[in-house]
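Working notes, structure below.
Derivation of every value follows stated rules applied to the coordinates shown; laboratory data play no part. What you are looking at is a predicted structure, and each value in this text was computed from that prediction instead of being measured. Neighbour counts run over all protein chains shown; Cβ positions are idealised from the backbone, glycine included.
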Amino acid sequence: HYIPTAICAAIVVYIAVTKLYAYLFKSKSKNPFLEERTCTSHTLITDKQKRKAVLKKGIHYVGNMAEGDMGRCMVDLLTDGKLKWVKLDEQYDTVVFAEPGKGIKTVHYKPNKKEMEKLLIKQYPDDENAIREFYKIMTVCQKSASFLIVLKILPKFLVDFFFQLKLHRVFMKSFNYVIETSLKTFLDRLTDNNELKTVLSYCFGDYGVPPGDAPLMMHGMLMNHFSRDGGFYPYGGASEIAFQMVPGIERSGGAVLARAHVNRIIFENDAACGVAVSHLNEEVEIRAPIIISDAGIYNTYQKLLPREIGLKYGFLDKLKSFNVDTGCLQVMISLDGTKEDLNLPAKNYWVFNSVEPERDMKTFLSLSREDAANKPFPLIFVSFPSAKDPSWNSRYPNKSSCVVVTFANLKWFADWEKDSVKKRGNVYENLKKVFVDQVWNQVLHNFPHLEGKVLHMEGGTPLSHQHYIKCMHGEIYGARHDFNKFTTRNIVDMRGETAITGLYMTGQDVFTCGFMGSAFGGLISASKVLDRYLILDLINNVKKHRNKK
């Protein structure tokens, strides 16, 4: 009946994103990336009760996890090199067009931009110039992405001065172009072929914004993330990431508290000095000189900060410069049979009902819930986590898993927002079942051999996301990754440090969504806490690792 206490140098609100914070206990002069990390053999945690305490799903694939990649070097540090990564199939993503009455057409994505460019030209020979121009701008995005980090880690007064002199218009022309031009606008200039435009923009669901609202920069960063080595999956499932990070945090004097709901951030003399946490039937205060929140800007500014603090420092006004993201519907299915029995590949499928998914999505999301429940989803993402994880069958013999993700409107479920989870009544459950059945029917259209193989099926609506991951609007990617997030003003303002003494921000709202986007958000925040440019340390670590190969 107590929460372990210790003399802490930092408290990370909700989730310990990066072990870099542990170096708050050490000298500022030490390079945390200097230590060598090797992938040693380790015992996979198989105790069912222990594994229930962590998220089983949530990561479908991660890029840049080959030996020597920057992402891999960072994760090896965070997990003592004990997290093993499994490469997905060579064709890691498949675009599927399942238009009614037109059969099924597929386009496969594989690593190596040059090879992918050739494959697309072979499949769309009349659009060779368009394809070549697309990959050229992807290279521009790759080179421009470093500015995102630079603008967030340099002293804010220096960056503000740079922009006041409008020097970014002289020295950052390519960067300005890719953050100010939409993916749709760029593709419309290249070709009239809607099918090709969908193929080139297919993975916009990975950041939740359709091409018309998505900056080229965001799409380019995502495409480049997978184009070098393809996709990877953590051996043992997504839960292994947390399991392998926790020991390093504890070894450095920290603690990770699960199911410890943070009610508010505590302030004294306008400085953050702790958090109030619900424990059993009481509220416990944990004090610390540094508070790092990865609860997201909406939760942090609207729920965790006292309103007078939010108003005084302009945080509530700052929220107005961002847009709320779209909600999601997820369906988790347990299947009877191994991946070999069911012929399940270690890859992802992006299934479109037409060659104009953005138009269809806007129409679909504007429907009433009654009308939407009787329509197919314009886009579904289908994945088989069990096929990606070689350890799966040893833990769950003769069973497989399937996960489907698509967009959904929070308003369809607004009548039950104030109800407790699992207590929303038959009407809600029946509505959810209609959506879930529709999703599964679309899966069966593309994978008819899975008919009759379902052992259990569970759906999660935007309300599920509100409950389980505490997102305020049923979204999964934080603040919407549209033009508002990528204005130069918001790029500069959404950084690790805040105007409040002792309060720092981290995670996907500081950088971008996704596992590695959040990790780099942690790198940016830790750089501010430690007053050290950790990105340079990481680059040197990568160079050292590659020179040894």
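At a glance:
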read-out: Rg and Dmax of region 326-469, Cα atoms only, in Å; value: 15.8, 45
read-out: P(r) weight above 27 Å for region 89-230, C-alpha pairs, percent; value: 27
read-out: Nonlocal amide H pairs with C328, under 5 Å, H built at 1.01 Å; value: A408
read-out: Amide H contacts of Y504 (H built 1.01 Å from N, under 5 Å, at least 5 apart or other chain); value: I291, I292, S293
read-out: Region 438-512 versus region 312-386: alpha-carbon centroid distance in Å; value: 10
read-out: Protection proxy ranking of 249-261, 398-410, 267-279, 462-474 - average other beta-carbon atoms within 10 Å, highest first; value: 398-410, 462-474, 267-279, 249-261
read-out: Sites K114 and S146 - FRET efficiency at Förster radius 30 Å, r taken between beta-carbons, to 0.05; value: 0.85
read-out: Neighbourhood charge, 13 Å Cβ-Cβ cut-off, centred on Y428 and excluding it, Lys, Arg +1 and Asp, Glu -1; value: +3
read-out: Rounded, prolate or oblate (a/c below 1.5 giving rounded, otherwise prolate when a/b exceeds b/c) for the chain by Cα gyration tensor; value: rounded
read-out: Fully extended contour minus Cα-Cα distance, from D270 to S420, at 0.36 nm per residue; value: 50.5 nm
read-out: Positive minus negative residues near N398 (Lys, Arg vs Asp, Glu; Cβ under 14 Å); value: +1
read-out: Spin-label pair V170/E370, simplified geometry with 7 Å Cα→Cβ offset, distance in nm; value: 6.3
read-out: Burial order of peptide ranges 326-338, 297-309 (average beta-carbon count within 10 Å, highest first); value: 326-338, 297-309
read-out: Karplus-derived 3J(HN,Hα), 6.51/-1.76/1.60, for each residue of region 395-400, Hz, glycine and proline x; value: 9, 10, x, 6, 10, 9
read-out: Förster radius 60 Å - calculated FRET efficiency between I539 and N430 (Cβ-Cβ, nearest 0.05); value: 0.65
read-out: Span-like helix ranges in the chain, DSSP H, alpha carbon extent 30 angstrom or more, Kyte mean at least -0.5; value: 128-153, 425-446
